[in-house]
Amino acid sequence: SSCASINRVPSERLHDNPSCGKCKRPVLDGSPVSLNDQTFDRFITKNDLPVVVDFWADWCGPCKMMAPVFSQAASELATQIRFAKVDTEQARDLAARYAIRSIPTLIKFKQGKESDRIAGDMDLGSLKRWSST
């Protein structure tokens with residue numbers, strides 16, 4: 001959620017637009033979550049849903065081109081997958097830890113562990129298929 005609180009929502013209730021118990025805002029608002037060195041580990045490990053993280057930078061043309069596609073996928077798959085973004089210029093430790101050599105790089109996490117990665121921009125259909133596998 002927007003306040004970074006941990007909320008427990010039964011899987012059968014994910015489509016009911018659950019609200020955060022602390023801030024009362026939607027838990028799954030359909031927009032990518034911005035993560036940094038301080039918030040990354042907690043978000044990745046405390047999510048029961050898979051998490052797709054876009055490692056990007058402001059100066060990267062392909063990253064900027066893919067940003068609207070990433071946001072649209074986040075909106076369309078909000079109850080199935082969490083989408084997050086990490087600015088590699090601001091979170092250099094994370095970029096080093098995950099050996100980000102080219103951007104954009106997308107990493108999929110399941111139960112807190114990296115399960116897949118891909119480098120380069122993607123169209124909406126490809127992103128949704130890759131994210132859902």
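The values are calculated or read from the model by the stated rules, or taken from the named source; none is laboratory data. Source: prediction; values computed, not measured. Please note: Cβ atoms are built from the backbone with ideal geometry, for glycine as well, and neighbour counts cover all protein chains shown. In case anyone asks, the SASA skips ligands and DNA or RNA and just uses the protein heavy atoms, side chains included. Shrake-Rupley method; radii C 1.70, N 1.55, O 1.52, S 1.80 Å.
Within region 99-110, how many residues are in contact (Cβ under 8 Å) with a residue 60 or more places away in the chain and at positive phi? The qualifying residues number 0. For Tyr98, the conditions (1) under 14 Å from the mean Cα position of the chain (by Cα); (2) modelled with pLDDT of 95 or more are fulfilled apart from (1). If you go through region 2-19 one residue at a time, do you hit one that is within 15 Å of the chain's Cα centre (by Cα) and closer than 28 Å to Asp87 by Cβ? Scanning region 2-19 turns up at least one residue that is within 15 Å of the chain's Cα centre (by Cα) and closer than 28 Å to Asp87 by Cβ.
Of all residues assigned to region 86-96, at least one qualifies as being of a type in the set (Val, Ile, Thr) and touching a residue at least 40 places away in the same chain (Cβ under 8 Å). Summed over region 41-59, the residues that are surrounded by fewer than 19 Cβ atoms within 10 Å (Cβ to Cβ) and either among the charged types (D, E, K, R) or at pLDDT 95 or above (or both) give a count of 7. Quick check: anything in region 66-75 in contact (Cβ under 8 Å) with a residue 60 or more places away in the chain and either open to solvent by 60 Å² or more (accessible area, probe 1.4 Å) or on the phi > 0 side of the Ramachandran plot (or both)? No, region 66-75 has no match at all. If you go through region 1-40 and keep only what is open to solvent by 60 Å² or more (accessible area, probe 1.4 Å) and among the hydroxyl-bearing types (Ser, Thr, Tyr), you end up with Ser2, Ser11, Ser19, Ser34.
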